[in-house]
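Have a look at the structure below before the remarks.
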Amino acid sequence: MSTVTYNNAMGNLWNYLQGLSLSATDRKWLVDRLIESMETENITPQKPVFPHIGEDFKISPEVLAMSCGPLPEGFDAEKELDNMWEEMAG
């Protein structure tokens, strides 16, 4: 399958999914099924690569305090940062 066909097919699939009224539970279910199928096929998902951001990039506590104020107990800033980058890449 060519890259153009693949991109069009995935774009069409994404547009279709966006048109559905999926709840958060529905989206979580779909993600779980996709991950299960990848695990069955022994496919390891790749972390997105951001060329202008180093792998060792960490937000300093001072910057977090200036931009966010105190974080709620149990809040995982690194996980949220990873989620943000993945959403921006997608």
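Couple of notes before you dig in:
- At R0 = 41 Å, FRET efficiency that the Cβ-Cβ distance of Trp14 and Val63 yields, to 0.05: 0.75
- Sorted on the mean count of surrounding Cβ atoms within 10 Å across their residues, most packed first, peptides 79-89, 52-62 read 79-89, 52-62.
- Here the label points at His52 and Met38, each 7 Å from Cα along the C-beta direction, are separated by 2.6 nm in the simple model.
- FRET efficiency, 1/(1 + (r/R0)^6) with R0 25 Å, evaluated for Leu30 and Glu73 via beta carbons: 0.25
Every read-out reported here was derived from the displayed coordinates using simple, explicitly stated rules and does not represent laboratory data. Not measured: the values here are computed from a predicted model. Cβ coordinates were reconstructed from backbone atoms using ideal geometry, including for glycine residues, and neighbour counts include every protein chain displayed.
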